[in-house]
1. Filter the range 40-89 for residues that are assigned to a loop (DSSP other than H, G, I, E, B), closer than 24 Å to TYR505 by Cβ and charged (D, E, K, R) and give the result.
2. I'm trying to understand the selection: among the residues of the range 186-197, which are open to solvent by 20 Å² or more (accessible area, probe 1.4 Å) and not in a strand (DSSP E or B)?
3. If I go through the range 532-544 residue by residue, how many of them are surrounded by 19 or more Cβ atoms within 10 Å (Cβ to Cβ) and of a type in the set (A, V, I, L, M)?
4. Mind listing just one residue for me: the one in the range 411-435 that is surrounded by fewer than 19 Cβ atoms within 10 Å (Cβ to Cβ) and aromatic (Phe, Trp, Tyr) and, of those, farthest from PRO617 (Cα to Cα)?
5. Among the residues of the range 478-533, count how many are modelled with pLDDT of 95 or more, within 28 Å of the chain's Cα centre (by Cα) and more than 30 Å from VAL46 (Cβ to Cβ).
6. Search the range 150-166 for residues being at pLDDT 90 or above and in a loop (DSSP other than H, G, I, E, B), and hand back the single one that is surrounded by the fewest Cβ atoms within 10 Å (Cβ to Cβ).
7. Residue by residue through the range 285-294, note down the ones that are modelled with pLDDT of 95 or more and either open to solvent by less than 10 Å² (accessible area, probe 1.4 Å) or of a type in the set (Lys, Arg) (or both).
Amino acid sequence: MKNILKNRTDNNWPICCTLLSILITVVTTLPLLADDIEIQESPSIVVVYPRDGHVTGAVDSTFIFGHILNGGRGTDWLLTVNSLSFPVHENGGFLAFVPIKPGEFTFDIKAIRTNNDHQSIQKSLFRKPDSIVISYALTVNIPKPRESFVTDSLTIGTDYQPPLGDLVLSSGDRLTVSFQATPGCRAWFALPGLLDSIPMTEMKPRQQPYWGESVFGAGAIPESLMIKGIYTGYATLPDSAEITEKKIQYFLAPPDQGTTIHRIMLTPHEDRDTSLLNLLAMPDSLRAFGTSEYSVTVNSTDYPFTVVFKDSVLIMRYGPRKGYLGIFQPRGVEAEAVGREGNWYKLKLSQSTYGWVDTNQVERQPQGVQPSKSYVVSIRTLYKDNHVLIEIPLKGKHPFRLVETSRSKLSLSLFGVTSDTDWIRYDTQDKLIDIINWSQPEADQYKLDIVCTDKIWGYEGYYEGNTFYVRINYTPKNISTLRGKLIVLDPWHSSDPGAIGPTGYTEAEANLGLALQIRTMLEQKGAEVILTRSDTSHVDLYDRPMIAKLAEADLFISIHNNALPDGVNPFVNDGTSTYYYQPHSIDLARAIQRELIPATGLVDRGVYHGNLAVIRPTQYPAVLLECAFMIIPEQEALLKSDRFRYT
């Protein structure tokens, strides 16, 4: 096998090369076709996806797949879905991608089997007397995509991209409001008792991007999803304001000229209190009104208060359900809650840094309890057999953010902490830590920049009592050989089947079959291999990386096989992909992807940064493989072959 990291001078990756050789050997020795199936009585069509009555995404095309049961050789059949022709695989599996329309939609599937070639079959139009014809129909529900309102009526619809629930805000916060209504009009909003007649502006027609197409497909947005009539406005909340649970009031009026309004429609919120609005500021006598689905509270006397983290792997985010600010926050960390959106608390971490946490993952403390305040006086490093520790004594448990800023640098921010740092002591036995620099970017944010002499293999931050530790793992010894190395293989899914192929083969079966074969070959090379599961037993999501952490694994590889979301064309969006999350794992991901593509002959779907729980841990290089697409008959057959089948 060619050198996967040609021209590299460091010695960190031979173990990956050896592992890749084993992975590729397993994949490339598969027979591609299943054995012939003996013809049985009463052939029938079995649809695996979608099921009858299924609600799909709001898309204009989607796929349907299944197999012909008791049909003999699949290639003897010609199959149509809604009069469009699609091939049938040797094992009877089929996959179709067809246009759909909103509402109840029926897939009409027909299959014909004759001894003639396909050209003559197509000419027969299912009318040859010696043909076997089978059919099947199922109905699904297609949601209607959001559309622009007609312009001959004055209509206020729903909030547009509203918050996740009721808001609790403070003076100085920005309140942003948007709703959908009749295009080409004038709009205002008001917050009774606080804000009156705040003007809003109609945005340019908005695209409604579909994540499935942007991630797996070409990223194109159908023109039909361009929406007009989205109005937006904002206001900064004034000092000393105080209101409790008020709905936002919406106004809509016709343009000054050029549009004739025939009727007024109040949808869906007709309950309003117009006495609180300055109606005289509205120059037109014809107006529509509405209210938000959520309420707003400003400067609540219940806030601020202290919360204590009660989840052992809590994640702080940049916004409700948004990107990750700090991962793996331990139980007992304290922070100040200053606001709320739905079931998310807004935490003030420092003067300008805010984080968000799920309200169910923290415990509110009584009024008057304040988060801990700590001053860092000294820092020291401690040499260990396979890692080095950085020890930081504190007076309490503080929120933190520990990230890689380069391949050999870590940045640690401790919130609620102030520098009084006079001493940094280095253990002379350790050769990995080059230098540690501290800084105080702002009040209540203490920062360490940790520079290493070599690339980072793995690390973590954690508390023991009130002492915070950063552990940085050394590169494993004798990296040129697999012997003695500990590798964790994670065949995903177990009690849940995962993706299902056209003939019913499950991802759980395929993943386990792959992992068992790879384990055998790695052990023959002298590696120690741990499987997160070796049978159909259920393993919880967060238990899988915990197995690797407790075992102090050298590498973690999660084995998956892929599927597609509704609306993405599987005939042009398939193949092999590799995922990483932490920067120190990207070299492994790229190396695996480079070798799997020519070895398997599958389409290169690329390397992804993926926010996936099993590869989020930082202690070791971790990647996730999407080897093939379960829903594509040819690739399902590849995974079902004797060398991969779980028995």
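1. Across the range 40-89, the qualifying residues are GLU41, ARG51, ASP52, ARG73.
2. GLY193, LEU194
3. Number satisfying all stated conditions: 0.
4. TRP423
5. Number of matching residues: 7.
6. Only one residue tops the list, namely GLN161.
7. SER292, the sole residue that qualifies.
Here's the yes/no breakdown for (1) at pLDDT below 95; (2) in a loop (DSSP other than H, G, I, E, B):
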{"position": "PRO320", "(1), (2)": "no, yes"}
{"position": "LEU325", "(1), (2)": "no, no"}
{"position": "PHE328", "(1), (2)": "yes, no"}
{"position": "ARG331", "(1), (2)": "no, yes"}
{"position": "ALA335", "(1), (2)": "no, no"}
{"position": "GLY339", "(1), (2)": "no, no"}
{"position": "LEU347", "(1), (2)": "no, no"}
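The values are calculated or read from the model by the stated rules, or taken from the named source; none is laboratory data. Keep in mind the model is a prediction, meaning the values are calculated, not measured. A quick note on method: Cβ atoms are made from the backbone with ideal geometry, for glycine too, and the neighbour counts reach across all protein chains shown. In case anyone asks, the SASA skips ligands and DNA or RNA and just uses the protein heavy atoms, side chains included. Shrake-Rupley method; radii C 1.70, N 1.55, O 1.52, S 1.80 Å.
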